[in-house]
C-alpha cells in the first residue's frame, strides 16, 4: 500500500501547485484539507482551483457542502480517510493538501473525537449560568485533574464534563498524540515573511479583480449571513460590509489582507510546532527537485 503525503503550510505558499506537481510525477490523487473549500459557491475567496486548473488530477472533498451546513472535523476525518483508502486501493498516491491544521491532524494522526450529547451539554450550560462555574470546576478536578489544571474557559469546562458524563473517560484522554496512523510524509512550504506578505496582498487584490464582490453578493442572496462558518470567513466577512454599505472596497481589500496575514502566522505557528514536518522554501528554485526526491524516496521505502 502506498503511503500518505501531506502538503502543509501557510496560505499563499503554493501548496496546490506543489500537490499537482507531485500527483503528476507519482500517479497521485489530491484530497482537500482546507475547510472553506468544502463549500459550494465559495470559490474566489478560498483560492479554490477551477476544473481547468487541476491539471487533470482527480481532487476529492471539494464542493461537498452547502453554505448552510457547518463543517465538522469528525465528519471530515471519516470522509478523508475513506477517500485516501480508495486512492490507495487504486494503486495511486494520496496527497492531502491544505492549511487547516486540525483537519490535517485529524487525518494523519491517531486522533479520536469524543461523542456529544446536546441534552447533557445544555443542562451543564444552564447550571453554569444559574450557579456559576465553581461547582463544575470542583467536579472536573475530581473527574479529570489534567483538564482541570489547564484552567479551561466555561465552554471547554462544559465540554470536558459532558465528555466525562457520556463516556466515563477524562476529556484529557482524548488529547491528540503525534502518532501517524499510517506511513506519512509531511511536506511544509514556507517563505520569507516580507515576500509572503507581498504575495498575500497580491492574492487578495487578485481575488477582488476576479469578482470576489460578486461572489459574496451571490452568497448573501443565498443566506450566507445566517451561517456560522461561511459568513465569518476571511474575505467574505469583509466584503459583506461593502454590500451593507459600512465599508468601501479598498477598505475591504486592506482589512482582508491584514486578516489573511494574521491567519498565515497562526497556520505557521501550528505547523512549526510539529517536528515531523519537512520544510522547504517555496521560492527556492531547488525546492521542487528536492521535494520530488523526498517523496520518491519515501514512496519507495514504504513499499509504494
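Below 8 Å, C-alpha to C-alpha, sequence gap of six or more: please give me the relative contact order for region 118-174 in percent. Averaging sequence separation for qualifying contacts and normalising by length gives 34 percent for region 118-174. For Rg and Dmax of the Cα atoms in Å, one of [x] 18.2, 54; [y] 21.3, 71; [z] 21.1, 62 was computed from the structure I shared and the rest are decoys. Which label? Matching the structure shown: [z]. Packing order of peptides 74-86, 277-289, highest average first: 74-86, 277-289 (average count of other Cβ atoms within 10 Å over each peptide's residues).
Annotation for region 168-242 versus region 266-304: alpha-carbon center distance of 22 Å. Estimated translational diffusion coefficient (Stokes-Einstein, Kirkwood radius over Cα pairs, 20 °C, 1.002 mPa s) of region 223-280: 164 µm² per second.
What relative contact order, as a whole-number percentage, does the chain give when Cα pairs under 8 Å and 6 or more residues apart are counted?
Working: 421 pairs, mean separation 84.6, N = 304.
Relative contact order here is 28 percent.
Determine the gain in length on full extension of the stretch residue 125-residue 202; use 0.36 nm per residue of separation and subtract their C-alpha separation, reporting nm with one decimal.
Details: separation 77, 0.36 × 77 = 27.72 nm, distance 4.46 nm.
Contour length minus the Cα-Cα distance gives 23.3 nm.
For region 118-174, just say rounded, prolate or oblate: build the C-alpha gyration tensor, square-root its eigenvalues into a ≥ b ≥ c, call rounded for a/c under 1.5, and beyond that prolate if a/b exceeds b/c, oblate if not.
On the way: a/c = 1.91, a/b = 1.24, b/c = 1.54.
In terms of gyration-tensor shape, oblate.
Can you classify region 1-73 as rounded, prolate or oblate using the Cα gyration tensor, where a ≥ b ≥ c are the square roots of its eigenvalues, rounded means a/c under 1.5, and otherwise it's prolate if a/b beats b/c and oblate if not? Before the final figure, lay out each step's value.
Numbers: a/c = 1.75, a/b = 1.58, b/c = 1.11.
Note, shape of region 1-73 comes out prolate.
Note on 1, 42: ascending count of other Cβ atoms within 10 Å places them as 1, 42, the fewest first.
Neighbour counts of other C-beta atoms within 10 Å: give me 43, 52 arranged from fewest to most. Spell out each step's value before the answer.
Working: 43 19, 52 7.
So the ranking, lowest neighbour count to highest, is 52, 43.
Between residue 225 and residue 82, the simple label model (points 7 Å from Cα in the Cβ direction) yields a spacing of 3.6 nm.
The overall shape of region 17-163 is prolate: from the C-alpha gyration tensor, with semi-axes ordered a ≥ b ≥ c, the ratio a/c is 1.5 or greater and a/b exceeds b/c.
So for each of 95-102, 221-228 I average, over its residues, the number of other beta carbons within 10 Å; can you give me the resulting order with the highest mean first?
Details: 95-102: 23.0, 221-228: 14.2.
Averaged packing, sorted descending, gives the order 95-102, 221-228.
Expressed to the nearest 5 percent, the antiparallel share of DSSP beta bridges inside the chain is 5 percent.
Where a number appears in this text, it was derived from the coordinates with a stated rule and is not lab data. Just so you know, these numbers come straight off a predicted model, no measurement behind them. Using ideal geometry, Cβ is built from the backbone for each residue, glycine included, and neighbour counts are taken over all protein chains shown.
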